[in-house]
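The values are calculated or read from the model by the stated rules, or taken from the named source; none is laboratory data. It should be emphasised that the depicted structure is a prediction, and the values quoted were computed from it without experimental measurement. In this analysis, Cβ positions are derived from the backbone assuming ideal geometry, glycine residues included, and neighbour counts consider all displayed protein chains.
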Amino acid sequence: MDPLSLLQLPRASRPPMPLAAAAAPLVSARLSVSGGARSVRRRRRRRAAGLSVFAVATETPRTEEQQPSPSGEERFDWLDQWYPLAPVCDLDPRAPHGKTVLGLSVVAWYDRGAGEWRVFDDACPHRLAPLSEGRIDDRGRLQCVYHGWCFDGAGACKFIPQAPALGPPVHTSSRACVASYPCVVQNNILWFYPRADPEHSDVLQRKRPPLIPEIDDPDFVTVYGIRDLPYGYDILVENLMDPAHVPYAHKGIMRGIRKKEDPGRVDYDKEGGGPVKMKIEQANIEGFVSPQERGYFQFVAP
Ligand code: FES
């Protein structure tokens, strides 16, 4: 498969709270967002360069994955991860953007007062209208489209139009706040961490999203893309680990496919399939690295 960075985000029933990870099973999951970034070294350095592949994918977390492993093996914590929402170049800072990740409906919007992107629960605390259907008001706040409540970059309600000016300050109630998730822009991608509890607000100090150095390297050209893919992340990962399909499934659209050397073989086809050497250099619960003929594959879970 062509060097790709892919993420898949299955849509499932939205859990009532971010930490209620027992979302719907994957069986009927439709991927609501997927994205890719491809970094290719410029031609003049291509020979000396290594191409890298990052496959970043998610699966709806299941309740049993939160339980200790009976075998004592290390468990992957799906909620202690950073997830990419979108390349920033695809996000219009003048409007909110709804996304679904891990079964969570979230809204990304640009807080121009702070000069930062924000990621909130995509549900207004008033009547649960999707905030992604709202707008950025003239003060740079996120305004709900239903009754006009306005929220600042921390998720605090700053204005309830229907509340009398001389009445109680109902907008200061904690029940008027919207959940705000840790988020960061890295590699020109907006990432978020799917825990909105205050104890995770400084998660960046402890853990950052996986870094893809080539994206920030001016010697590389990066192409971003987002696609809906109607299957689970596990199918994608299998696909990325299966280079033998490339000459056939991508016949005619992949450049540079060469016949594999196979001493003793007399029966070649024109597509160029043949034995594929694979070597796993590193592998652990967080992914693997596999050197390739030109560069390497690196999978970073999830
Ligand atoms: S539902 Fe958002 S202001 Fe009423």
(message) Checking LEU128 against (1) on the phi > 0 side of the Ramachandran plot; (2) outside any loop (DSSP other than H, G, I, E, B), only one condition comes out false. Which one?
(response) (2)
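Filter region 150-168 for residues that are among the hydrophobic types (A, V, I, L, M, F, W, C) and within 16 Å of the ligand (Cβ to nearest atom); which is nearest to ASP202 (Cα to Cα)?
For region 150-168, the residue satisfying everything is ALA156.
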(request) Run ASP122 past the list (1) surrounded by fewer than 23 Cβ atoms within 10 Å (Cβ to Cβ); (2) in contact (Cβ under 8 Å) with a residue 12 or more places away in the chain; (3) within 16 Å of the ligand (Cβ to nearest atom) and report the number of the one that doesn't hold. (result) (1)
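Among the residues of region 131-149, write down those that are more than 9 Å from the ligand (Cβ to nearest atom) and of a type outside the set (D, E, K, R). Lay out the reasoning, then the answer.
So in region 131-149, the residues more than 9 Å from the ligand (Cβ to nearest atom) come out as 132-133, 135-142.
Listed by number, the residues that qualify are SER132, ILE136, GLY140, LEU142.
Any residue at all in region 82-99 that's part of a strand (DSSP E or B), surrounded by 14 or more Cβ atoms within 10 Å (Cβ to Cβ), away from the ligand (no atom under 12 Å from the Cβ) and more than 16 Å from the chain's Cα centre (by Cα)? I'd like the intermediate steps shown before the answer.
Initially, region 82-99 is screened for residues part of a strand (DSSP E or B), giving 83-87, 97-99.
Add one more test, that the residue is surrounded by 14 or more Cβ atoms within 10 Å (Cβ to Cβ), and what stays is 83-87, 97-99.
Among the residues that remain, those that are also away from the ligand (no atom under 12 Å from the Cβ) are: 83-87, 97-99.
If we keep only those that are more than 16 Å from the chain's Cα centre (by Cα) too, we end up with none.
Looking through region 82-99, none of the residues is part of a strand (DSSP E or B), surrounded by 14 or more Cβ atoms within 10 Å (Cβ to Cβ), away from the ligand (no atom under 12 Å from the Cβ) and more than 16 Å from the chain's Cα centre (by Cα).
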(request) Scan (1) without any contact (Cβ under 8 Å) to a residue 12 or more places away in the chain; (2) outside any helix (DSSP H, G or I); (3) not assigned by TED's automatic domain parsing to the domain that holds ASP152 for the single condition GLU199 breaks and write down its number. (result) (2)
